[in-house]
Amino acid sequence: MTLTELRYIVTLAQEQHFGRAADRCHVAQPTLSVAVKRLEEELNTAIFERSKSSVYPTPVGEQIVQQAQRVLEQVKAIKDIASKSQDHLSEPLRIGAIFTIGPYLIPRIIPAIRKIAPSMPLYVDETYTATLRKRIRQGELDAIIVALPFTEADVVTQKLYEEPFVVQMATDHPLAEQETINPEDLNEQNVLLLGEGHCFRDQVLEALPNLRDPATDPSGLVRTAAEGSSLETLKHMVASGFGITILPKSAAEDSNPLLTTRPFTGESPKRSVALAWRASFPRHKAIDALREAILQSYR
C-alpha cells in the first residue's frame, strides 16, 4: 500500500469516473485503474463498484476512502510542519474564489502580488462556495476568497471589504435617465439574475426582497425574465436589451458603450468579501501577502 494508491482511491471516490480521476492525478487512466485494482487485491476486498457509466465506493470502500483521506491529511500536515522553516513566499500559493469575485479581483491581484511576493506564483481556482469549502478543508487550496457569511471548522475567516451592488442596463433603457435607482423602480422590470447555486443570487434576493412577489406568486419564485450562468452572460443579455441586472460594483466597471450603470438611491445593498484559510496553514507570510494584495487591488 502506497500514498499514491491512497491518493488515487480518494480522487476516484470524489470524481466517480476513472478518466476524470486520472486527469486530476496527472496519470494515464490504465495506470490509475491498475493501481486501484492492485490495492483491492492487497486488501482482499472491493473498494469500488463499477458500472459502464460510473464508479462509486462500496460500503466498506467508503470507510477505506475516509481513512485514506485522513492519512493524506496527516502526510500533508507533516509536510506543512517541515515547510515552516522555509521561505513562505518562494512557493506557489493555491487560492480559490467564487465566480462573482474571481474574474474581477484576480486580474488586479496579480500585479500587486508580483510586487509584494515576486517569487510566489498563484494557482487560481474559480468555483462555487460549496466546492471551495470542501477544497480548503481537504487541503487542495491554501486560501479562498468568498462572500460572507462563511463559517467552517478549523478555518479562519477574515472580512476584507464591503462591495456595493449597482444596477446595469442598456444605455437606451428608460431607467438610464435616472441618476440613482430606488429598489421599487425594479418592480416592473425584467431583472436578470444568476441561476440557483450562486451565492450572489441569494445575496441580491436577501437585500432586495421586492424582487419576490408572494401576492402573485405564492411559491415565492423570483420575478425575473431569465437566469444566467455567469455575470458576463447576464451583461451580454442586458446589452441586447433583454432586461436589466444587478451586479457587484467590480463586475460593472467596464467600457461597453451599450451598457450604463446606476447606483441605488441612499445606502446601497452590498456584500462583505472575506479571505479564509486553514488555521493550521503554516505559511503565515503568504497569507499576509495575499491579504495585502487584495486590499491594494480593491482600493
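The values are calculated or read from the model by the stated rules, or taken from the named source; none is laboratory data. Bear in mind the structure is a predicted one, so any value in this text is a computation, not a measurement. All Cβ positions, glycine included, derive from the backbone under ideal geometry; neighbour counts span all protein chains shown.
Give, as residue ranges, the helices (runs of 4 or more DSSP H) completely inside segment 1-46 that count at least 3 residues that are under 28 Å from the mean Cα position of the chain (by Cα). Let's see the steps before the verdict.
Details: elements: 3-15, 18-25, 29-43.
Output list reads 3-15, 18-25.
Within segment 89-97, is even one residue at pLDDT below 90, in contact with a helix residue (DSSP H, G or I) (Cβ under 7 Å, 6 or more places away or on another chain), closer than 26 Å to residue 24 by Cα and not in a helix (DSSP H, G or I)?
The answer is yes, given that some residue of segment 89-97 is at pLDDT below 90, in contact with a helix residue (DSSP H, G or I) (Cβ under 7 Å, 6 or more places away or on another chain), closer than 26 Å to residue 24 by Cα and not in a helix (DSSP H, G or I).
Residue 105 passes all but one of (1) within 16 Å of the chain's Cα centre (by Cα); (2) part of a helix (DSSP H, G or I); (3) surrounded by fewer than 17 Cβ atoms within 10 Å (Cβ to Cβ); which number fails?
Residue 105 satisfies all of (1) within 16 Å of the chain's Cα centre (by Cα); (2) part of a helix (DSSP H, G or I); (3) surrounded by fewer than 17 Cβ atoms within 10 Å (Cβ to Cβ) except (3).
Residues to consider are 172, 185; find the one that is among the charged types (D, E, K, R), outside the structural domain of residue 280 (by TED's automatic domain parsing) and modelled with pLDDT under 90. Walk me through it before giving the result.
Details: 172 fails: modelled with pLDDT under 90.
Result of the check over 172, 185: 185.
Against the condition in a strand (DSSP E or B) and of a type in the set (Lys, Arg), how does residue 134 come out, does it pass? Give the steps one after another, and end with the answer.
Values: in a strand (DSSP E or B): no; of a type in the set (Lys, Arg): yes.
Answer is no for this residue.
Residues being over 16 Å from residue 259 (Cβ atoms) and either out of contact with any Leu (no Cβ under 9 Å at 6 or more places or on another chain) or of a type in the set (Gly, Ala, Ser) (or both): count how many of those fall in segment 160-174.
So the first thing to find is which residues in segment 160-174 are over 16 Å from residue 259 (Cβ atoms), and the list is 160-164.
Then keep just the ones that are either out of contact with any Leu (no Cβ under 9 Å at 6 or more places or on another chain) or of a type in the set (Gly, Ala, Ser) (or both); that gives 162-164.
Total satisfying the criteria: 3.
Six or more apart or on different chains, Cβ atoms under 8 Å: show the pairs whose first residue is in segment 178-198 and in contact (Cβ under 8 Å) with a residue 60 or more places away in the chain and whose second is outside any loop (DSSP other than H, G, I, E, B) and basic (Lys, Arg).
178/262; 179/262; 180/262; 181/262; 194/201
In the set 215, 239, 225, which member is farther than 29 Å from residue 159 by Cα, modelled with pLDDT under 90 and in contact with a strand residue (DSSP E or B) (Cβ under 9 Å, 6 or more places away or on another chain)?
Numbers: 215 fails: in contact with a strand residue (DSSP E or B) (Cβ under 9 Å, 6 or more places away or on another chain); 239 fails: modelled with pLDDT under 90.
Step by step, each of 215, 239, 225 is checked, and only 225 is farther than 29 Å from residue 159 by Cα, modelled with pLDDT under 90 and in contact with a strand residue (DSSP E or B) (Cβ under 9 Å, 6 or more places away or on another chain).
Just to be sure before I move on: is residue 146 touching a Ser or Thr at 6+ places or on another chain (Cβ under 6 Å) and either assigned to a strand (DSSP E or B) or at pLDDT 95 or above (or both) in the structure I sent?
On the way: touching a Ser or Thr at 6+ places or on another chain (Cβ under 6 Å): yes; either assigned to a strand (DSSP E or B) or at pLDDT 95 or above (or both): yes.
In short, yes.
Please verify whether residue 118 is part of a helix (DSSP H, G or I), modelled with pLDDT of 90 or more and not basic (Lys, Arg), treating the condition exactly as stated.
Criteria not met by residue 118.
Hey, could you check segment 174-195 for residues that are surrounded by fewer than 19 Cβ atoms within 10 Å (Cβ to Cβ) and touching a helix residue (DSSP H, G or I) at 6+ places or on another chain (Cβ under 9 Å) and say which is nearest to residue 233 (Cα to Cα)?
Taking segment 174-195 and keeping what is surrounded by fewer than 19 Cβ atoms within 10 Å (Cβ to Cβ), we get 174-180, 182-185, 187-188, 190, 195.
When the remaining residues are screened for being touching a helix residue (DSSP H, G or I) at 6+ places or on another chain (Cβ under 9 Å), the result is 175, 178, 183-185, 187, 195.
Numbers: 175: 21, 178: 25, 183: 23, 184: 25, 185: 23, 187: 22, 195: 11 Å.
Residue satisfying both the conditions and the ranking: 195.
Here is a list of conditions, (1) farther than 19 Å from residue 120 by Cα; (2) free of Cβ contacts under 8 Å to residues at least 12 places away in the same chain; (3) not aliphatic (A, V, I, L, M), and residue 288 meets all of them except one; can you say which number that is?
Unmet for residue 288, out of (1) farther than 19 Å from residue 120 by Cα; (2) free of Cβ contacts under 8 Å to residues at least 12 places away in the same chain; (3) not aliphatic (A, V, I, L, M): (1).
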